[in-house]
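Inspection log for the structure reproduced underneath, given as structure tokens.
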Amino acid sequence: MKPLCKEQSIPTVNGSLPGPTINVREGDTLIVHVINNSTYNITIHWHGVFQLKSSWMDGVGMITQCPIQPNNNFTYQFDITGQEGTLLWHAHVLNLRATLHGALIIRPRSHRPYPFPKPYKEVPLIFGQWWNIDVDRLELRPTPVCDGYLINGLAGDSYPCSKNRMFKLKVVQGKTYMLRIINAALNSPLFFKIANHSVTVVAMDAVYTTPYVSDVMILMPGQTIDALFKADQPTGLYYMAIIPYITAPGLPFPAQVTRGLIIYEGASSSSSPKMPLMPELNDTPTAHRFSSNITSLVGGPHWVPMPRQVDEKMFITVGLGAEPCPLGAKCPSKLGLQFAGSLNNHTFMYPETISLQEAYFYNITGVYTDDFPDQPPLKFEYTNFKIRTDSDYKMIFPEKKTSVKKLRFNSTVEIVLQNTGIITTENHPMHLHGFNFYVLGYGFGNYDPIRDSRKLNLVNPQMHNVVGVPSGGWVVLRFIANNPGVWLFHCHMEAHLQYGIIMAFIVQNGPTQDTSLLPPPSNLPQCTRDPRIYESPTTNIDLFS
């Protein structure tokens, strides 16, 4: 590939970037044969698919399966039920999803219409990040600055060596198009705009929404949006554009806009394209306004009323802490530290010899503990952290362990995710496998259970599988634990996933065979202890400079 100036080899699926689009209908059984001809250990995750009664097929290395080793293969087979819209698939081993990703489009069953007028055409838009370095050499400590962003594999005319390689969408005046938008970027939330046009958002994360008109969208890594775009402007050329949303202070990112082009039928190729006015890189008010205004389409296909009774309440602090540099590693930090993920002061450690789900299913001890806490060990000024006591100091250093939270089948779980400023406040896109969750509300500062609970939307809350925890703020989620198995809950920024901003839920079996975890398939891959599966090259950063 050579999207910018440097040609290099990358891992791909079937030789393309993005990889092939998978088209299915709700109710289909999907069978995918993964043949690993690469030199990497691989899993493929079907991001956002519920995997009801098929959690072995979720495709997460060392959580639901051991990776597929080079020169081996594995067949994923699962039903797609109760979902319509746009999702994605991607590798779930280290940073390989930078180039191993593609669209998974779920249309309604035959003869069942969309809950809106049928669009003239449907167009996938897949956003990605590009580095002028081999993916296997991409260091994730600290978060790597990319060399560019891609729209459907193309960098567009704002980059050197890419003037003539830009995604172009030809449209007919007056026609309506459904844009199936996917943020497949490794680490970046992205703003998206189209010059002189607004769109109508009709679904997010494969859940129908109340139609919402906006001239700007924001997508967290792993999020999807279905938006109706009407070609209702004068004939001409119009740029579509993406730009990163940056919340970590002082973090360098390329500021250039990545562009695609919308070409109206009959437009002169010599005319100058109109450019949208993009938000600032740190425009949190715009991001918050869009995210907080989405609501569910009550009564729409697959809509489920939100349960009012809550069985489990959790308060989880989300952010970064620190840990000592590994022995023998050079560390420029004066204190000899590097970043570590922190959920309730826990940094997740992957199992090394067996997947979590196998350990749970076969009741193998010593692989994990079921003591992930419902609360942080200490209440503190979460978003304005200061060291005042020894206990405050200890909060900088999360405990490293493989801990899970067990949930009773069919229990309703409410989670307050509270951003922390122990190292820095930063937006964290949290992804829950196996479920959609209701997003009851967002806010800034420390969550106040009395004041802020009055603001929650209990009528038509949006539903997602990825949600951005606002920088210096909080979000409240609720979901029904009706899917037995082991399910990862993690930050969907790959660097933060490697830091260990991860925990796992184990949903226990229900009362019948139909609500219990089935045995694993006979051809489930076996584990090998290969550092390429679990570890990235270690580079350290001065946390306190």
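The values are calculated or read from the model by the stated rules, or taken from the named source; none is laboratory data. Keep in mind that what you see is a predicted model, and the values were worked out from it rather than measured. For neighbour counting, all protein chains shown are included, and Cβ atoms are generated from backbone atoms with ideal geometry for every residue, glycine included. Surface accessibility is based on the protein's heavy atoms, side chains included, excluding ligands, DNA and RNA. Shrake-Rupley method; radii C 1.70, N 1.55, O 1.52, S 1.80 Å.
A compact table of results
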item	result
Near pairs, Cβ below 6 angstrom, 6+ apart or cross-chain, from the range 448-467 (within 24 Å of Phe489 (Cα to Cα)) to any residue that is among the hydroxyl-bearing types (Ser, Thr, Tyr)	Asn460/Thr295; Asn460/Ser296; Pro461/Tyr438; Gln462/Thr295; Gln462/Ser296; Met463/Ser296; Met463/Tyr438
Candidates Tyr212, Tyr208, filtered to the one that is buried (at least 20 other Cβ atoms within 10 Å of the Cβ), among the hydroxyl-bearing types (Ser, Thr, Tyr), assigned to a strand (DSSP E or B) and at pLDDT 95 or above	Tyr208
Residue within the range 318-329 that is in a strand (DSSP E or B), at pLDDT 95 or above and open to solvent by less than 50 Å² (accessible area, probe 1.4 Å) present	yes
Answer residue from the range 299-317, given it is among the aliphatic types (A, V, I, L, M) and assigned to a strand (DSSP E or B) and is farthest from Ile502 (Cα to Cα) among those	Met314
Index of the failed condition, Ala227 passing every other in (1) open to solvent by 10 Å² or more (accessible area, probe 1.4 Å); (2) closer than 20 Å to Thr286 by Cβ	(1)
Unique residue being at pLDDT 95 or above, within 24 Å of Gly300 (Cα to Cα) and open to solvent by less than 10 Å² (accessible area, probe 1.4 Å) when the list is Ala103, Ala91	Ala103
Residues of the range 273-305 satisfying the condition of being at negative phi and over 24 Å from the mean Cα position of the chain (by Cα)	Pro273, Lys274, Met275, Pro276, Leu277, Val298, Gly300, Pro305
Lone qualifier among Pro470, Pro449 - being open to solvent by 40 Å² or more (accessible area, probe 1.4 Å) and under 20 Å from Asn384 (Cβ atoms)	Pro449
Residue pairs meeting the criteria (Cβ under 9 Å; at least 6 apart or on separate chains; first in a loop (DSSP other than H, G, I, E, B), in the range 275-286; second open to solvent by 30 Å² or more (accessible area, probe 1.4 Å) and small (Gly, Ala, Ser))	Leu281/Ala255
Test: residue in the range 302-312 that is closer than 26 Å to Ala155 by Cβ and open to solvent by 50 Å² or more (accessible area, probe 1.4 Å)	no
Residue in the range 248-270 that is farthest from Lys170 (Cα to Cα), counting only those that are at pLDDT 90 or above and open to solvent by 20 Å² or more (accessible area, probe 1.4 Å)	Val257
Lone qualifier among Ser391, Ser355 - being farther than 20 Å from His428 by Cβ, loosely packed, with under 15 Cβ neighbours inside 10 Å and touching a Leu at 6+ places or on another chain (Cβ under 9 Å)	Ser391
Subset of the range 367-408 (residues that are of a type in the set (D, E, K, R) and in contact (Cβ under 8 Å) with a residue 60 or more places away in the chain)	Asp370, Asp374, Glu381, Lys400, Lys405, Lys406, Arg408
Count - residues of the range 51-75 that are open to solvent by less than 10 Å² (accessible area, probe 1.4 Å) and over 30 Å from Met463 (Cβ atoms)	4
Gly48 modelled with pLDDT of 95 or more, buried (at least 16 other Cβ atoms within 10 Å of the Cβ) and on the phi > 0 side of the Ramachandran plot	yes
Sole exception among (1) at positive phi; (2) surrounded by fewer than 20 Cβ atoms within 10 Å (Cβ to Cβ) for Lys400, by number	(1)
Matching entry among Thr424, Thr412 (being in contact with an Asp or Glu (Cβ under 8 Å, 6 or more places away or on another chain) and closer than 26 Å to His492 by Cβ)	Thr412
Strands (runs of 3 or more DSSP E) contained entirely in the range 341-418, each with at least 2 residues that are of a type in the set (A, V, I, L, M, F, W, C) and touching a Phe, Trp or Tyr at 6+ places or on another chain (Cβ under 9 Å)	404-407
Pairs with Cβ under 6 Å, 6+ apart, first in the range 207-219 and farther than 24 Å from Leu281 by Cβ, second surrounded by fewer than 18 Cβ atoms within 10 Å (Cβ to Cβ)	Tyr208/Pro115; Tyr208/Gly300; Thr210/Thr295; Pro211/Thr200; Val213/Ser198; Val213/Thr200
The range 1-38, residues that are among the polar types (S, T, N, Q), open to solvent by 70 Å² or more (accessible area, probe 1.4 Å) and closer than 19 Å to Pro124 by Cβ	Asn14, Asn23
